[in-house]
Amino acid sequence: MSSCIAFIGGGNMASAIIGGLRRAGYPAEDLLVVEPFEAQRERLAADFGLRPMATADAALSRARAVVWAVKPQLFQEAAAPVAPHVGGALQLSVMAGLRADSIARATGAARVVRGMPNTPALIGQGITGLHASTAVTADDRALVEQLLQATGRTLWVDAEGDLDTVTALSGSGPAYFFFLVEHMVAAARTLGLDEAKARELALATCGGAAALALQSGESPTALREKVTSKGGTTHAAITSLQADGVGDAIERAVKAAHRRAGELGDEFGRG
């Protein structure tokens with residue numbers, strides 16, 4: 001019997017990975033999903049031709065890799081019926097905060113890779129920070145990169161603790177961006193621009209700025225200074241932001257997310 005990739009949880013992030021594998025020609029029969037919610041099982045069946053399971057069973061013993069895509073607070077409960085079948089498989093977690101030793105202990109597996117993706121993975125534009133436990137092989141790393149290829153970029157970090165920073169920066173980061181855009185649009189509306197035009201301008205500006213930063217190789221500081229002529233409109237805006245302490249507030253926000261990522265590991269890693 002051929003090996004398979006098993007997914008525990010079939011929500012958005014699992015669907016992004018599954019969709020990429022299916023588009024790459026991975027057979028539906030070699031993708032197993034345990035998903036307790038009937039509506040989501042039906043969506044997976046309709047979108048990808050899968051036959052998801054409501055509960056774990058011995059079919060999981062075929063898995064060469066198990067992708068954990070449940071909420072961290074549900075992990076211990078979800079792991080109990082899965083563990084008897086997957087101890088020899090590579091475990092790939094995309095759950096925030098949960099540490100590798102907790103995953104290894106709950107699954108009986110030695111080979112654990114933790115990943116922290118972000119929501120742009122849903123359109124193939126994400127980035128996932130990855131950390132491998134010492135038992136993970138080069139072939140395991142290659143398999144993880146293959147699984148995540150369709151979701152965007154991957155970046156390996158040496159220290160597991162760095163994943164809390166990855167979570168705070170890129171995992172939560174899209175929400176910071178959306179928050180900024182919300183308020184850019186709100187300001188434009190108070191100045192008389194209609195919402196559709198304000199939204200298009202804000203999103204195109206932010207998307208273009210990110211693309212420029214990725215391609216230029218210059219630091220964000222240098223790029224900002226290039227468009228900030230003293231006495232000009234941009235200078236007025238940046239001066240206002242600095243006076244309001246926005247830079248310090250952003251740094252405090254990222255540190256708050258980092259702190260919460262560590263707390264999640266403490267709260268949900270017991271057992």
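The values are calculated or read from the model by the stated rules, or taken from the named source; none is laboratory data. Values in this document were obtained by computation on a predicted structure and should not be read as measured data. Every residue, glycine among them, receives a Cβ derived from its backbone with ideal geometry; neighbour counts consider all protein chains shown.
Annotations for the structure displayed:
- As a summary of the residue check, residue 150 satisfies the conditions (1) of a type outside the set (D, E, K, R); (2) surrounded by 13 or more Cβ atoms within 10 Å (Cβ to Cβ); (3) in a helix (DSSP H, G or I); (4) not assigned by TED's automatic domain parsing to the domain that holds residue 16 except for the one numbered (4).
- Residue count for region 78-105, restricted to those that are over 18 Å from residue 162 (Cα atoms), in a helix (DSSP H, G or I) and under 22 Å from the mean Cα position of the chain (by Cα): 3
- Residue ID - farthest from the chain's Cα centre (by Cα), chosen from residues in region 153-166 that are farther than 20 Å from residue 15 by Cα and either charged (D, E, K, R) or surrounded by 18 or more Cβ atoms within 10 Å (Cβ to Cβ) (or both): 158
- Looking across region 16-38, the residues that are over 15 Å from residue 51 (Cβ atoms) and in contact with a Phe, Trp or Tyr (Cβ under 9 Å, 6 or more places away or on another chain) come down to 17, 19, 20, 21.
- Residue 184 passes every criterion in (1) within 30 Å of residue 256 (Cβ to Cβ); (2) more than 24 Å from the chain's Cα centre (by Cα); (3) without any contact (Cβ under 8 Å) to a residue 12 or more places away in the chain apart from (3).
- Tabulated pairs, region 50-61, first β-branched (Val, Ile, Thr), second outside any helix (DSSP H, G or I), C-beta under 7 angstrom, 6+ apart or interchain: 55/34
Let's see how each residue does on (1) small (Gly, Ala, Ser); (2) touching a residue at least 24 places away in the same chain (Cβ under 8 Å):
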{"site": "160", "(1), (2)": "no, yes"}
{"site": "166", "(1), (2)": "no, yes"}
{"site": "200", "(1), (2)": "no, no"}
{"site": "241", "(1), (2)": "no, no"}
{"site": "244", "(1), (2)": "no, no"}
{"site": "261", "(1), (2)": "yes, yes"}
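- Residue under evaluation residue 122, criteria (1) crowded, with 21+ Cβ neighbours inside 10 Å; (2) within 13 Å of the chain's Cα centre (by Cα); (3) within 20 Å of residue 16 (Cα to Cα), criterion not met: (1)
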